[in-house]
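Enquirer: Quick one: this structure, given as structure tokens, is what I'll be asking you about.
The values are calculated or read from the model by the stated rules, or taken from the named source; none is laboratory data. Model, not experiment: these values are computed from the prediction. Counting neighbours? That spans all protein chains shown, and the Cβs are built from the backbone with ideal geometry, glycine included.
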Amino acid sequence: MENLLEVKNLEVSFKTYAGEVKAVRGISFDVKKGECVAIVGESGCGKTVTSKSIMGLIQTPPGIIKEGSEILYNGKDILEFSEKEWQAYRGGECSMIFQDALTALNPTMKIGMQIAENLMIHRGMSKSEALEEAVKMLTLVGIPNADKRINQYPHEFSGGMRQRAMIAIALACNPNMLIADEPTTALDVTIQAQIIDLIKNLQEKLGTAVVLITHDLGVVADLSDRIVVMYAGKVVERGNCNDIFYSPKHPYTWALLRAVPRLDLGNKENLVSIQGTPPDLIAPPKGCGFAMRCTKCMKICHEQEPPVYDFEGEHSTACWLYHPMAPKVDLPYAIGGEE
Ligand SMILES: Nc1ncnc2c1ncn2[C@@H]1O[C@H](COP(=O)(O)OP(=O)(O)OP(=O)(O)O)[C@@H](O)[C@H]1O
Ligand code: SF4
Ligand SMILES: [Mg+2]
């Protein structure tokens, strides 16, 4: 399948009084037409900086996108877009939904108009046509009585409904790619599942590629074709759902998986969170970023950055454990390995 998006060696820093925060340290991944790619990692690992970079929303200064970084959309580098190309890209090609719908929606504008506005600008519809389409979009995302709801303001919607409305706004112009940055973290668990189902249905129905960003591996299991695991501004493992859930390779992925309840393991009571904290991104360690927290850490891990090792298919990981001379380790029992 064709690549819609290719992120190559993306490096983003922020100038602060304390020093330069190296938020994203050379990551690469691609998204094919119509597929769903999940980017997973704990708070502060650079997920939002990555998604904002793809949307052209990094403020410079304080942000700096380093020389050599490339973000290709349909083969064209968005970092070199003209103003006109940006408008077409942000309005019609690529949209984003955020963690918190309340801050992303305009509090002073009726929901219907917030959808219609985009349709009028980007699809040249009249106001009445656009409002009619807004009703259809709200119905599509599961908001009942949409013809009345279009006249309400965001504060009159519940949290889950606001998130649905934001999805409707993002999808109104029929984008080729949707970036969903923690679209469900502000919601309770049942509503979370409904929103994820909704994104999945829409992705299948409309053929939209989705980049789903989350700190919770459990959320991505049914939805993603491929998963990219990030740690401290780098990609540490990538693979399809089977690779990541059933033969994960990186100790950080193991740690993430221990926090996910799994029916097949019956591990609901034994979920553990990851000990320790991520490294300082102003002075990142020269070796593996996970070394301070890794139970398998070896001497070399502190000294040299681990190379990337490839496995079957598109599965790969950056970890010294897969060096031919490293001691052999088995998949931990807690996440499905043999005792
Ligand atoms: N404007 C900024 N100025 C300075 N540092 C920043 C800025 N924006 C982000 N950072 C830093 O970049 C790093 C990555 O931040 P980012 O928001 O991408 O994390 P995240 O993975 O989205 O986390 P979360 O799960 O909490 O949303 C963090 O260390 C953060 O403090
Ligand atoms: S490279 Fe070393 S410290 Fe890093 S995850 Fe692998 S074993 Fe652990
Ligand atoms: Mg974030």
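Enquirer: Given the criteria more than 13 Å from ligand 2 (Cβ to nearest atom) and closer than 29 Å to Thr16 by Cβ, does Val228 qualify?
Expert: Yes, satisfied.
Enquirer: Something else about it: Can you give me the number of residues within region 154-193 that are in a helix (DSSP H, G or I) and β-branched (Val, Ile, Thr)?
Expert: Residues that pass the stated criteria total 5.
Enquirer: Would you mind finding the one in Leu256, Leu281 that is surrounded by 13 or more Cβ atoms within 10 Å (Cβ to Cβ), part of a loop (DSSP other than H, G, I, E, B) and among the aliphatic types (A, V, I, L, M)?
Expert: So the residue among Leu256, Leu281 that is surrounded by 13 or more Cβ atoms within 10 Å (Cβ to Cβ), part of a loop (DSSP other than H, G, I, E, B) and among the aliphatic types (A, V, I, L, M) is Leu281.
Enquirer: Further question on the same structure: For region 295-316, which residues satisfy the criterion of being of a type in the set (Lys, Arg) and within 21 Å of Ser247 (Cβ to Cβ)?
Expert: Lys296
Enquirer: Turning to a different aspect of this structure: Of everything in region 220-235, what is over 11 Å from the mean Cα position of the chain (by Cα) and either assigned to a loop (DSSP other than H, G, I, E, B) or free of Cβ contacts under 8 Å to residues at least 40 places away in the same chain (or both)? Give them in sequence order.
Expert: If the condition is that a residue be over 11 Å from the mean Cα position of the chain (by Cα) and either assigned to a loop (DSSP other than H, G, I, E, B) or free of Cβ contacts under 8 Å to residues at least 40 places away in the same chain (or both), then Ala221, Asp222, Leu223, Asp225, Ala232, Gly233 are the ones that fit.
Enquirer: Sticking with this structure for a sec: For Ile244, indicate whether it is within 19 Å of Val141 (Cα to Cα), in contact (Cβ under 8 Å) with a residue 24 or more places away in the chain and more than 16 Å from ligand 3 (Cβ to nearest atom).
Expert: Judged against the criteria, Ile244 is not a match.
Enquirer: Let me ask something additional. Can you name every residue in region 139-153 that is assigned to a helix (DSSP H, G or I) and within 24 Å of Leu212 (Cα to Cα)?
Expert: Within region 139-153, Thr139, Leu140 qualify.
Enquirer: Shifting gears a bit: What are the pairs, 6+ residues apart or on separate chains, where a residue within region 271-284 that is farther than 15 Å from Tyr17 by Cβ has its Cβ under 7 Å from a residue that is away from ligand 2 (no atom under 16 Å from the Cβ) and assigned to a loop (DSSP other than H, G, I, E, B)?
Expert: Leu271/Ala259; Leu271/Pro261; Val272/Ala259; Ser273/Ala259; Pro278/Gly44
Enquirer: Filtering region 176-229 down to residues that are more than 16 Å from ligand 3 (Cβ to nearest atom) and of a type in the set (Ser, Thr, Tyr), which residue is farthest from Gly46 (Cα to Cα)?
Expert: Thr190
Enquirer: Look at region 120-135 and say how many of its residues are farther than 13 Å from Asn174 by Cα and part of a helix (DSSP H, G or I).
Expert: 9
Enquirer: So in region 174-197, with the set limited to residues that are among the hydrophobic types (A, V, I, L, M, F, W, C) and modelled with pLDDT of 85 or more, which one is surrounded by the most Cβ atoms within 10 Å (Cβ to Cβ)?
Expert: The qualifying residue surrounded by the most Cβ atoms within 10 Å (Cβ to Cβ) is Ala180.
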